[in-house]
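Structure first, then comments.
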Amino acid sequence: MAGLTASLKRFRGREDGGVLIENILWIPVILMIMLAILDASFMFMNYARAQRFVQQGMRSYMTGEFKSCAELESWLNSNLTIFIASANATCAHQGSGAAILASLETRDMDLTGAAGLIGNARISFTSDGTYEYVPVD
């Protein structure tokens, strides 16, 4: 019994594992922060990619590559839904030009789906242009 008591006193007095416990407690916090940064960067990348598709579509429509708003909407929706499933784009004539309104759900833009925890937030943006040809419709 004396040997066991001496062992327990020696064990209680050692501090060489103290840093390990502190690191184990901080590792989940650091990993969550890194994952949040990765998620945010993935959302920004998808947003920029969607904006680029919409700008390219508007440019093509203004120069006459697409002959109608319906054709442009079809092209945009088929290309946007490849990487953002809930993407929706609508086209409307405005005087001597047109406007595209694109709408994206944030839960489909991130890597882990954690953006869905904040609710069904949507990001919307527009692209306007002036005709460089006479439109059919």
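For the reader, a short list of remarks on this structure follows.
- Fewest neighbouring Cβ atoms within 10 Å first, the residues Asp128, Asp39 line up as Asp128, Asp39.
- The alpha carbon centroids of the range 30-55 and the range 111-128 are separated by 11 Å.
- The chain, relative contact order [Cα under 8 Å, separation at least 6], %: 24 percent
- Answer label for volume of the Cα convex hull per residue in Å³ (calculated), chosen among (1) 130; (2) 302; (3) 162: (1)
- Estimated 222 nm signal from helices in the chain, with DSSP H stretches of n ≥ 4 weighted -39500 (n - 2.57), rounded to 500: -17500 deg cm²/dmol
Throughout, read-outs are computed from the coordinates displayed, never taken from laboratory work. Everything numeric in this text was worked out from a predicted model, so none of it was measured. FYI the Cβ positions are ideal-geometry reconstructions off the backbone, even for glycines, and counts take in every protein chain you see.
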